[in-house]
Each structure stands twice: as C-alpha cells, then as structure tokens.
Amino acid sequence: MLILFKLLGSLALLMFGMKSMSEALQKMAGPQLRHVLGAMTTNRFTGMLTGMLVTASVQSSTATTVMTVSFVNAGLLTLAQAISVIMGANIGTTLTAWIMSAGMSFDITSAIYPAFFIGIILIYLKRYRYIGDFLFGLSFLLLGLGTLRMTGTEMHLGENQTLLDFFASFDPNSFLTTLVFLVLGGILTFCVQSSAAVMAITMILCSSGALPIYQGIALVMGENIGTTVTSNLAALSANTQARRAALAHMFFNVFGVIWILFVFRPFIDMVCGWVGYDVTMDKQAVEASVFLANAAKLSFVLAAFHTTFNVANTLILIWFIPQIEKLVCAVIKPKKVDEEEDFRLHFITAGFMRTPELSVLEAQKEIQSFSNRMQRMFGMVRELLTLSSSATNKKDNKAGDFNKLYTRIEKYEGISDNMELEIAKYLDSVSNAHLSDDTKAKIRAMLREISELESIGDACYNMARTISRKYNGKEDHFVEKQYDHLHQMMELTDQSLTQMNRLMGGRKESFDVNRTFNIEHEINNYRNQLKSQNITDINNHQYTYAVGTIYMDIINECEKLGDYVVNVVEARMGTRQKEV
C-alpha cells in the first residue's frame, strides 16, 4: 500500500511540476510569444516552426493552441496558418518526453535540492521570482520522475509474475493487441487529463521489462489521440473557429496513427535501431544485467518514437493544409444566429482556455466586441431620434418602425448587462490563478473598461426612453433648431465612440489619446452653450419648459456618454482618470 501511494504521489508531483513550470514560462514570456506568433506565421513552414518553438518554450501545446485560436478570431491569422502552428505545436510538445526520458535514465535527485534552494532565493528577490517559479516547477517535475523511477524499481515490475502474465496474455503479433493498447492509452490520457503522466507510467513499465515495446508505443499513440479528445470536448461550447482548430488537431493525430498502423513494426524497429535498443533480445537468453541495460534504453525509444512520429506526420500533412481547412470548415459550419441579437460571448471559452496568462487576449477581444456593440446601440438611438422627427407629420405611419427599433434598443441594454457580468465572471476566474503583476494590472483595467462600457449602454437606453416618452406623450415636438442641435451633439458623441473603438481594436502605442480628449472638450463646451441657449429660448417662448427639459436630458446623456468613453480610453491606455 505504501509503494502504491508513493507511485500516485510521485505522479501527482510530476503533474504539478509540469503545470508550475509551464505557467512560470508563460508569465516570463507570454506577451512576447503572442507578438512572435503574430509576426512569424507568414506561411505554412514558418507557422510550423513558430508553433514548435513557442510550444517548446512554454512546455504547453494547449497554450500555443489558445494563442493561435485567439489570433484567428482577431483576424490576424487565417485558419490555414493556425493549422500549421498546431502541427508545429505537436512537434514542440515532444520535448517533454525527452526531459522525462532523461529523468528516468539518470539519477538526478541530487541536483534537485540545490535548484530548490536557488529557486526560493530568486522568489524572495521578487524581481526574478518567475525564474524561481520555473526552477521550482522543473525541480518538482524531476523529483517526481526520480521518485517514480525508484518506486518502479522497488516494485520489481519486471519480476512480478502476475503483471507479466497479464501482458503475456496479449498476442504480441496480433493487430488486435495493438488496437487494444491504443484505445487504452487514449482512455487513460482522457481520464487523468495528462499525457505526461501516462507517458511516465509507460516508461516505467517498459524500462522495467514488464511491458513489451510494441504495446508501450501503442499506448503512446493512444495518448496522442486522448489529448485531442479532451480539447474537442472542451471546445464544444466554444466558438466556430476554436472548434475547427480543435478538430484539425484531432485529424492530424488520428491520421498519423492510421498510417503508422500500416508500417507499425518496421517503423518501430527503425527507431529502436537509431537509439541502439535490441528488439530481439530475450530475457531468458542473456544475463539479467544485460537485459536491464538494454531495457533502460526504452525510455529514449519512446521519446524518439514520439518525436519521429510527429515530425513525419507534419512533413506529410503540411502539404495538405488547404484541404484540411476545407474539411474542418465543411464539418463544422457556423451557427446561424443574429449576432446583434445574440448576447453569448464569442471569444471567451472558459472550458477551452486553460492558460491564465494567455486568456487575457481572449478577454480583450470580447471587450472589443462589447465596445463595437455599444456604438451600434448608439447608432440605433440616432435612428430613433430621426424616426421621432419624421413622425411629427401625422400622415407618416412610422409608429411600427419606431416601436420595433425601441424594442431592439431595450434588448441591447439587456445584452450590455449580460456581457458585463459574463466578462467580469471570466476575469474573476482568471485572476484566481497565479498571475504576473503585468497581467493583474491588465485585468484591473479590463474590469474598469467593461463597467464604463455598460454605463455607455445605460446612457444610450436612457436617451431612447426619453425620446420614446416624448414621442408617445402629449408634449409638443422639438422644433427644427433643436433637432439640428441634437444631431450635431450626437455626431460629436459618435466620433468619440469611433476613436474609442479604434483604440480597442489596435495597438495603444500608435493611438493619439489627445484626439479623444479634444472631442470630449468639444462635447462639454457644446453642452454648456446649448444649456444657456435653452434657457433663453424658453424665456422667448420658442418652446415649452417641458420640451426644453426633455431636450436637455438627451444633451446631458450625450455628455455623460462622452465621459464614459474617456474613462474607457484611460483604462486601456493605463492613465489616471481625468477630471471632466
């Protein structure tokens, strides 16, 4: 029982170390990697190399896939380029297998403790804490591997007759046996949600001599499919492009497994020859030390197979990326919904995004969508005002159009409330993870942005209600001069919203924030001018006090909306709130 708990505990340590190391690397290089990914994917080959390098850097193919899908959603990458990056990610993730094979083959536990000591010093130095986090993660990973190796030796798996009889019950020359272990590897990976853990178990079983190499490699092939099943299930609730990317990932691995099955033994024998492993060695025919020395090479055989398989598969499929793109697009068609009336989040997919540092990009895209939606809502308010003015002529039957548009604005107000709550909930869940200071600051800015955007929605709705009250009430209609002033004020407000959306959709380094402040000053000055003129016009009996009040309510809401726009811009630029 104690040995069993040591086995489970060392696996848990390995998985935790892998997760910690990956997150630390992302904290150190997340933003830079996003820029590299956007700049280097000019064609399928550079895309593949970029995916390979980024995945090897952050030790997470999931992180690379998340970034790739983000750029597809942003229109910075085509789906074809994304597929090439995902192919590269499959090669990059094989570095993990080499780290594990080294940990299985050599006693590296003595080198771990100095790494822990250096790591804790760096963590307390604050400035280098992410390097310290990385050292801790790597040390935990290697400690887990070392403990797993020692536990496997203590269990004497190669001498456990029950275990040997179990594996011997499968005909090594049967194609059915290969399929059984293939499915078993996929199921195990899906259950434990970690291909690294299943790879470690496979290495232990093979290195001890308990599991024949052919069945062990069948397990590794199953792991490749098991990881894609997880991402496809997670992507079911995601947007269309995320589901297509996940399906392309699955197609890549399934296709590779299918063609490998046709050349299964010759391919494995070739890899074994490269590593120097003797496939034909019989345990009974040689000394135990010779057999164990040969078996010790099996961890390198598994790592070499994993790399060779993915490289060969990429070299075959990289020429057929356009066809793969057409296939996934034909299988997964976009949902036919009215985007304007649908308040479901389009870019945030909580189940699919499992890398907090990189999920910030998804939130930024969702906030950009939120911002564009608010400008569309304001455009409806302008149209509502136009309808109300054209309906002053009783012969014009505009009541149906007016009510329909007002109902849409009401729906948009509900959408803005929902979007604020859903994005805030997502950002809250992301902020529970261990994040860099830079990412924490970005999340705080985003929370302020969505709050101000929701206030823009409220201002638009307040204007619509005021226009509706005047339209359906007994008050006189606005005079022509008032309509002209309202349209001019709304034009200034719309310019302010346009500037805001230009910032939300671009890079803040190239944005001229003074343009936004200038428009806001124009809005404030124009509001003050109209406020004075309104009092004069009422005193001159050009219109009633009630009409003047409604008129100024709309003008004031435009001015408030301009203030909210400035707050959004300041939050995105990272500047202090201005007094306006």
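The values are calculated or read from the model by the stated rules, or taken from the named source; none is laboratory data. Since we're looking at a predicted model, the values are computed, not measured. With ideal geometry, Cβ positions are generated from the backbone for all residues, glycine too; neighbour counts draw on all protein chains shown. In case anyone asks, the SASA skips ligands and DNA or RNA and just uses the protein heavy atoms, side chains included. Shrake-Rupley method; radii C 1.70, N 1.55, O 1.52, S 1.80 Å.
A compact table of results
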{"item": "Vicinal HN-Hα couplings computed from phi for segment 83-92 (Karplus, 6.51 cos²θ - 1.76 cosθ + 1.60; Hz; Gly/Pro x)", "result": "5, 5, 5, 5, 4, x, 4, 5, 6, x"}
{"item": "Computed lengthening from Glu383 to Lys6, 0.36 nm per intervening residue step minus Cα-Cα distance", "result": "128.7 nm"}
{"item": "Highest to lowest packing among 435-442, 207-214, 274-281, 306-313, scored as the average C-beta count within 10 Å", "result": "207-214, 306-313, 435-442, 274-281"}
{"item": "Rounded to the nearest 20 debye, dipole of segment 393-517 from Cβ charges on Lys, Arg, Asp, Glu", "result": "300"}
{"item": "Accessible area in square angstrom per residue, segment 401-531, 1.4 angstrom probe", "result": "48"}
{"item": "Restraint check, Lys333/Lys440; Lys531/Lys560; Lys19/Lys326; Lys19/Lys425; Lys440/Lys560, Cα-Cα greater than 25 Å", "result": "Lys333/Lys440; Lys19/Lys326; Lys440/Lys560"}
{"item": "Carbon plus sulfur fraction of accessible area for segment 497-580, probe 1.4 Å, in percent", "result": "45"}
{"item": "FRET E, pair Val254, Met150, Förster distance 41 Å, beta-carbon r, rounded to 0.05", "result": "0.65"}
{"item": "Residue-by-residue Karplus 3J(HN,Hα) for segment 7-14, coefficients 6.51, -1.76, 1.60, Hz, glycine and proline x", "result": "5, 5, x, 5, 5, 4, 5, 4"}
{"item": "Against the rule of thumb 2.2 N^0.38 Å, how large the Cα Rg of segment 504-562 comes out", "result": "1.55"}
{"item": "Phe262 versus Leu327: modelled label distance in nm, points set 7 Å from Cα along the beta carbon direction", "result": "1.3"}
{"item": "Karplus-derived 3J(HN,Hα), 6.51/-1.76/1.60, for each residue of segment 550-564, Hz, glycine and proline x", "result": "4, 4, 6, 4, 5, 4, 5, 5, 4, 5, 5, 4, x, 4, 4"}
{"item": "Gained length - Phe117 relative to Glu480, 0.36 nm times residue gap less alpha-carbon distance", "result": "122.9 nm"}
{"item": "Counted charge near Ile324, where neighbours are those whose Cβ lies closer than 15 Å (Asp, Glu -1; Lys, Arg +1)", "result": "+3"}
